[in-house]
Amino acid sequence: MNFPGKATTAQDPDALLALYADCTLCPRRCHADRREGKRGYCGESASLRCARAGLHMWEEPVLSGTGGSGTVFFSGCSLRCIYCQNRTIALGEKGYETSAERLSEVFLELQAKGAHNINLVTGAHFLPHICIALRRARAEGLHIPVLYNSSGYEEVESLRLLEGLADLYLPDLKYFSPELSARYSHAPDYFEVAFAAITEMVRQVGEPIFSGDGMMQRGVIVRHMVLPGETRDSKKILRRLHEAFGDRIYISIMSQYTPIGAFPSDPLLERRVTPEEYARVVRFAEQIGITCGFVQEGEVAEESFIPAFDGTGILPAREDAPDPTHKPAPEGTDQ
Ligand code: SF4
């Protein structure tokens, strides 16, 4: 990505919005002119669209605490895994147009409701608006940590726009194998791209810092969701993370994979991860010395993770609220 002076770009709203004109914000590097209404792989033009904002209780306990994480769900996604549970927003089917100004108000409203942090879910393709809104909200009293919650498929130069704005990073590291990431997320370069992104995140925010009441204030938690039949891939990921970062990051090993339907070409995706598979991965993490981590215990109430993407918290409730239905662009094409 060619930023004419990144430090300047990151602080200048016009320069930030200009990045939509020849978009290389994420590793898809579509070069779509989103300001002209074109859409790249993420399915979004330069109009900021969000699906929901509210207090979310289902993140790791050091993020959700008792008050909840102040979560904002953005419409569209630049990764679009074939098994995605949030596919109605990932495919851009649900979303309300809003503005950077309104987004900064949403952040302040979440803080006023008692959120422990601002949790930005899959916002890579809206980073210009996010940076503008965060700076505005900070100037108007936003003081809780800002958490950037990501698929891990991020452009390092785009992440640099968040330097000084993000306190916490919550990236996924989904796959080690290029074959697996190509099959499930159309991204054969996923591991190398996501690993470089996580390295940049650790560089920016450093080692974990907690408040007196145990809430994470700064640092990186890498999430890895074990996939059915893929424990060997999981082990490779955990080993690489531990070798590279040791106790400088937390690792959250997740068991919540939930099938969303039939996958004739990938029948493994039609079942859950077995308790034995999950236990094998957790045992491996313990054997290689991972101590800073989170595991999921017992039955995971997967439906709790998916709120209604009905515009709550984004637009004021009113009877003539716009229809959130939006026809997504065909994958990887302009519209
Ligand atoms: S997928 Fe979206 S954010 Fe990524 S480069 Fe293409 S248009 Fe930009």
(message) Filter segment 125-150 down to the residues that are in contact (Cβ under 8 Å) with a residue 60 or more places away in the chain, over 17 Å from the mean Cα position of the chain (by Cα) and part of a helix (DSSP H, G or I) and list them by number.
(response) 132, 135
(request) Answer yes if at least one residue in segment 160-174 is within 24 Å of residue 297 (Cα to Cα) and either surrounded by fewer than 16 Cβ atoms within 10 Å (Cβ to Cβ) or among the small types (Gly, Ala, Ser) (or both), and no otherwise. (result) no
(request) Return yes or no: is residue 30 out of contact with any helix residue (DSSP H, G or I) (no Cβ under 6 Å at 6 or more places or on another chain) and assigned to a strand (DSSP E or B)? (result) no
(message) I'd like the full set of residues that are β-branched (Val, Ile, Thr), closer than 24 Å to residue 116 by Cβ, in contact (Cβ under 8 Å) with a residue 24 or more places away in the chain and outside any helix (DSSP H, G or I), limited to segment 57-99.
(response) 71, 72, 98
(message) Looking at 139, 196 in this structure, which one is more than 22 Å from residue 20 (Cβ to Cβ), aliphatic (A, V, I, L, M) and out of contact with any helix residue (DSSP H, G or I) (no Cβ under 7 Å at 6 or more places or on another chain)?
(response) 139
(message) Which residue is surrounded by the fewest Cβ atoms within 10 Å (Cβ to Cβ), if the candidates are limited to segment 125-150 and must be small (Gly, Ala, Ser) and closer than 22 Å to residue 15 by Cα?
(response) 139
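Here is a yes/no grid of residues against (1) out of contact with any Ser or Thr (no Cβ under 8 Å at 6 or more places or on another chain); (2) acidic (Asp, Glu):
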site	(1), (2)
227	no, no
258	yes, no
264	yes, no
270	yes, yes
277	no, yes
(request) Six or more apart or on different chains, Cβ under 7 Å: which pairs go from a residue in segment 203-215 that's among the aliphatic types (A, V, I, L, M) to one that's surrounded by 13 or more Cβ atoms within 10 Å (Cβ to Cβ) and assigned to a loop (DSSP other than H, G, I, E, B)? Could you list them? (result) 205/166; 205/167; 215/65; 215/116
(request) Identify, from the list 87, 136, 80, the residue that is basic (Lys, Arg), within 15 Å of the ligand (Cβ to nearest atom) and over 21 Å from residue 293 (Cα atoms). (result) 80
(request) Would you check which residues across segment 1-16 are within 24 Å of residue 110 (Cβ to Cβ) and either touching a strand residue (DSSP E or B) at 6+ places or on another chain (Cβ under 7 Å) or modelled with pLDDT of 95 or more (or both) and list them? (result) 13, 16
(message) Could you check segment 100-124 and list, in sequence order, the residues that are at positive phi and either surrounded by 20 or more Cβ atoms within 10 Å (Cβ to Cβ) or assigned to a helix (DSSP H, G or I) (or both)?
(response) 122
(request) Select from segment 41-70 the residues that are within 11 Å of the ligand (Cβ to nearest atom) and touching a Lys or Arg at 6+ places or on another chain (Cβ under 6 Å) and list them in ascending order. (result) 41, 45, 46
(message) Being hydroxyl-bearing (Ser, Thr, Tyr), outside any loop (DSSP other than H, G, I, E, B) and crowded, with 22+ Cβ neighbours inside 10 Å: is that true of residue 153 here?
(response) no
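The values are calculated or read from the model by the stated rules, or taken from the named source; none is laboratory data. The structure presented is a predicted model; accordingly, all values stated were derived computationally and were not measured. Cβ: placed from backbone, ideal geometry, glycine included. Neighbour counts: every protein chain shown.
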